[in-house]
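The values are calculated or read from the model by the stated rules, or taken from the named source; none is laboratory data. Computed from a prediction, not measured in an experiment: that's the story for all the values here. Cβ coordinates were reconstructed from backbone atoms using ideal geometry, including for glycine residues, and neighbour counts include every protein chain displayed.
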Amino acid sequence: MTDPRDIAIVRWPGQGPSVPDGLADLLAAYHLRTQAEKGEAVAGVDGLPDRYRVEIADPRAVFVDAVVSLALSGDTAVGCLVVSAPVDGRSEIKRLWTDPAFRGRGIASSLVRAALVHAAESGVGAVRLSVWKWRAGAIALYERLGFTVTESWDEREQLVCMERAV
């Protein structure tokens, strides 16, 4: 078992690898799992909607204005989180994912805390996110970290929108 102290959280671009090694695999796992949870399972990345395949194929281009935090165990990416560029004084957290083999070690909490630090350094007033209502564990994590449910800005059903002041 990996000691939680052996996990490093790095930002890309900035502190992390020059190329987001492993990010595409993490994004693929995230999107494949989400599709399955929505009752729309696909056999592989090629079956995902275009917008998700583009993220997986070229995260550098898709997230050019965002900051990606990676959780690394040695040289292996085991978790990720994307923080969008600020709009109207808010940033948005997206794509929080931890490799299932590394769950239960505080990686997701560390990634969210790193996102909050980045947001504070960027001068934003709030961070928001949306999460599928069936992801009770993620909702509980966000609540522990100070996020509260807010009015939805997303028209998709079954999304819970949350926000936290920085």
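Does residue 129 count as in contact (Cβ under 8 Å) with a residue 40 or more places away in the chain and under 14 Å from the mean Cα position of the chain (by Cα)? Here the answer is no, as residue 129 does not meet what is asked.
The single residue among 117, 87, 124 that is in contact with a strand residue (DSSP E or B) (Cβ under 6 Å, 6 or more places away or on another chain) and among the aliphatic types (A, V, I, L, M) turns out to be 124. Among the residues of the stretch 71-89, those identified as assigned to a strand (DSSP E or B) and in contact with a Ser or Thr (Cβ under 9 Å, 6 or more places away or on another chain) are 71, 73, 78, 79, 80, 81, 82, 83. Residues in the stretch 62-97 that are free of Cβ contacts under 8 Å to residues at least 60 places away in the same chain, of a type in the set (S, T, N, Q) and buried (at least 24 other Cβ atoms within 10 Å of the Cβ): 91 alone. What residue, among those in the stretch 98-118 that are hydroxyl-bearing (Ser, Thr, Tyr) and assigned to a helix (DSSP H, G or I), is farthest from residue 71 (Cα to Cα)? Among those residues, the one meeting the criterion is 109. Taken over the stretch 119-143, the criterion of being over 17 Å from residue 109 (Cα atoms) and either aromatic (Phe, Trp, Tyr) or not in a loop (DSSP other than H, G, I, E, B) (or both) is satisfied by 121, 122, 126, 132, 134. If we scan the stretch 12-19, do we find a residue that is of a type outside the set (Phe, Trp, Tyr), surrounded by 17 or more Cβ atoms within 10 Å (Cβ to Cβ) and modelled with pLDDT under 95? Yes, the conditions are met somewhere in the stretch 12-19. Within the stretch 144-166, the residues that satisfy the criterion of being surrounded by 19 or more Cβ atoms within 10 Å (Cβ to Cβ) and assigned to a loop (DSSP other than H, G, I, E, B) are 147, 166. In the stretch 46-54, is there at least one residue being of a type in the set (Phe, Trp, Tyr), buried (at least 18 other Cβ atoms within 10 Å of the Cβ) and outside any strand (DSSP E or B)? Yes, the stretch 46-54 contains at least one residue that is of a type in the set (Phe, Trp, Tyr), buried (at least 18 other Cβ atoms within 10 Å of the Cβ) and outside any strand (DSSP E or B). Considering only the stretch 119-130, I want to know if a residue exists there that is of a type outside the set (Phe, Trp, Tyr), at pLDDT 95 or above and within 16 Å of residue 30 (Cα to Cα). Yes: the stretch 119-130 contains one or more residues that are of a type outside the set (Phe, Trp, Tyr), at pLDDT 95 or above and within 16 Å of residue 30 (Cα to Cα). Please indicate, with yes or no, whether at least one residue in the stretch 20-28 is surrounded by 20 or more Cβ atoms within 10 Å (Cβ to Cβ), at pLDDT 95 or above and within 21 Å of residue 103 (Cβ to Cβ). Yes, there is a match, as at least one residue in the stretch 20-28 is surrounded by 20 or more Cβ atoms within 10 Å (Cβ to Cβ), at pLDDT 95 or above and within 21 Å of residue 103 (Cβ to Cβ).
For residues in the stretch 36-45 being of a type outside the set (A, V, I, L, M, F, W, C) and farther than 25 Å from residue 106 by Cα, which is surrounded by the fewest Cβ atoms within 10 Å (Cβ to Cβ)? Of everything passing the filter in the stretch 36-45, 39 is surrounded by the fewest Cβ atoms within 10 Å (Cβ to Cβ).
Scanning the stretch 34-45 for residues that are touching a residue at least 60 places away in the same chain (Cβ under 8 Å) and not in a loop (DSSP other than H, G, I, E, B) returns 34, 37. Show the residue pairs that are 6+ apart or on different chains and have beta-carbon atoms under 6 Å apart, the first residue being within the stretch 136-157 and among the basic types (Lys, Arg), the second being modelled with pLDDT of 90 or more. That search, which allows pairs on different chains as well, returns nothing.
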